[in-house]
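*Asks:* This is the structure I want to talk about, given as structure tokens.
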Amino acid sequence: MNRINKFKVIFTLFLTILSFYAHSQSNVFKVTLDAGHGAHDFGAVYSGRIEKNIALAIVLKVGKILELNPNVNVIYTRKTDVFIDLVERANIANRANSNIFVSIHCNANKNTAADGTETYVMGLSKVASNLEAAKKENSVITLEKDYQRKYEGFDPNSPESMIGMTLMQEEYLDNSISLATKIEDNFEKLGKKLRQGGVKQAPFMVLHKAYMPRVLVETGFVSNPTEGNILNSEEGQDDIARAIAEAILSYKREYFGSGAPEAAESRPVRDTSTPVKPKTTAVTAAKSAPKGTFFKVQLIASIKKTPLEPKNFKGLKNVSMLYENNIYKYFYEETSSYETAQKYLQEAKSKGYGAAFLVATKDGEKINIQDAIK
């Protein structure tokens, strides 16, 4: 083999390795885990049960389970007892271009009988209890230096003041609700250990600043003696961590799954739930549903209606729209081939739609991605 041919072989091999590496990197699912509070910010404290310590312990356990999966990259806002500004917690996720952001906390109430888990998505709820939860978590910013300048226009004692600020949650609300539902469904499977409180909306500053699907998990009430002792125990933290980790993996399988089974931690919480199919109030700019199984790339979900022109979607053509539950959902391309759909997904991400994901339909009805692949 002459010198030129040898160089060509080596160069071709290099390109093959580079291509494989790039493909494997593009399939990595990034999760930012945020342990609430830290250092001088203790969070809720009741009878030696300290929120900052419990939140960190659960986060580290969730991360350990997720890291068993080669296609999952876990980013932590903190792994030790340190204080991180709320906006910096979100920025850590933004800089990593994470697929999801999960902030973990404990709840508390002067009424020590109050109990149950709650998983929040970003929203401008007017429910008093939801606003109170947001007020408690948002008050952390007063411990930050120069917080009036950093959060200009926002009053931590009045979560409603966020209404006047620019909100990004509508793009990711659909995904956030799906993730939150999976977490709460898994909590319900823990049986009598923890009461499932459901999915709720509230204006949390840490969620407002993270530009991706995101949730804030209140794992239970440290103020409740029985529930607080569960949260403070090794076994209780293990159960909660497995519930959250399995929900995250279920979300990944549904929206980002490659079809390969995920590695499972021993005694996992089995996810037997199926996504709720919301009632469609109207369909706009979409063709009548063809028979068969098809894949699409969901670009964004928004409360705003946008004309279906390439210039409005970063040059992408063949964009369709579905109006569902007062939200406009925008999809790119449609194909019966999962492999082709993956290519469309990577194209959408390369255009700047970092939170894009695949959805599947059968005869016009939404189904689980894994079912579609089968």
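The values are calculated or read from the model by the stated rules, or taken from the named source; none is laboratory data. As the structure is a computational prediction, the values presented were derived from the model and not from experiment. Virtual Cβ from ideal backbone geometry, glycine too; neighbours counted across all protein chains shown. To get the accessible areas, we keep the full protein, side chains included, count just its heavy atoms, and leave off ligands, DNA and RNA. Shrake-Rupley method; radii C 1.70, N 1.55, O 1.52, S 1.80 Å.
*Asks:* Tally the residues that are farther than 13 Å from E227 by Cβ and either in contact (Cβ under 8 Å) with a residue 40 or more places away in the chain or buried (at least 20 other Cβ atoms within 10 Å of the Cβ) (or both), restricting the search to the range 84-124. Reasoning before the result, please.
*Replies:* Here is the first cut: in the range 84-124, the ones farther than 13 Å from E227 by Cβ are 84-105, 110, 119-124.
Now narrow it down to the ones that are either in contact (Cβ under 8 Å) with a residue 40 or more places away in the chain or buried (at least 20 other Cβ atoms within 10 Å of the Cβ) (or both): 84-87, 89-94, 96-105, 110, 119-124.
Number satisfying all stated conditions: 27.
*Asks:* I've got another one for you. Mind listing just one residue for me: the one in the range 326-374 that is within 18 Å of E254 (Cβ to Cβ) and touching a Pro at 6+ places or on another chain (Cβ under 8 Å) and, of those, modelled with the highest pLDDT?
*Replies:* K366
*Asks:* Given the condition in contact with a helix residue (DSSP H, G or I) (Cβ under 8 Å, 6 or more places away or on another chain), modelled with pLDDT of 70 or more and open to solvent by 70 Å² or more (accessible area, probe 1.4 Å), answer yes or no: does some residue in the range 284-295 qualify?
*Replies:* No, the range 284-295 contains no residue that is in contact with a helix residue (DSSP H, G or I) (Cβ under 8 Å, 6 or more places away or on another chain), modelled with pLDDT of 70 or more and open to solvent by 70 Å² or more (accessible area, probe 1.4 Å).
*Asks:* Can you tell me which condition G236 does not meet? The list is (1) modelled with pLDDT of 90 or more; (2) open to solvent by 10 Å² or more (accessible area, probe 1.4 Å), and all the others hold.
*Replies:* Failed condition: (2).
*Asks:* Shifting gears a bit: Just checking, does the range 340-358 include any residue being polar (S, T, N, Q) and touching a strand residue (DSSP E or B) at 6+ places or on another chain (Cβ under 7 Å)?
*Replies:* Going through the range 340-358, the residues polar (S, T, N, Q) turn out to be 340, 342, 346, 350.
Of the ones still in play, those that are also touching a strand residue (DSSP E or B) at 6+ places or on another chain (Cβ under 7 Å) are none.
Checking the range 340-358: not a single residue is polar (S, T, N, Q) and touching a strand residue (DSSP E or B) at 6+ places or on another chain (Cβ under 7 Å).
*Asks:* Let me ask you something else. Can you tell me which residue is modelled with the highest pLDDT among those in the range 296-313 that are open to solvent by 60 Å² or more (accessible area, probe 1.4 Å) and among the aliphatic types (A, V, I, L, M)?
*Replies:* That would be L308.
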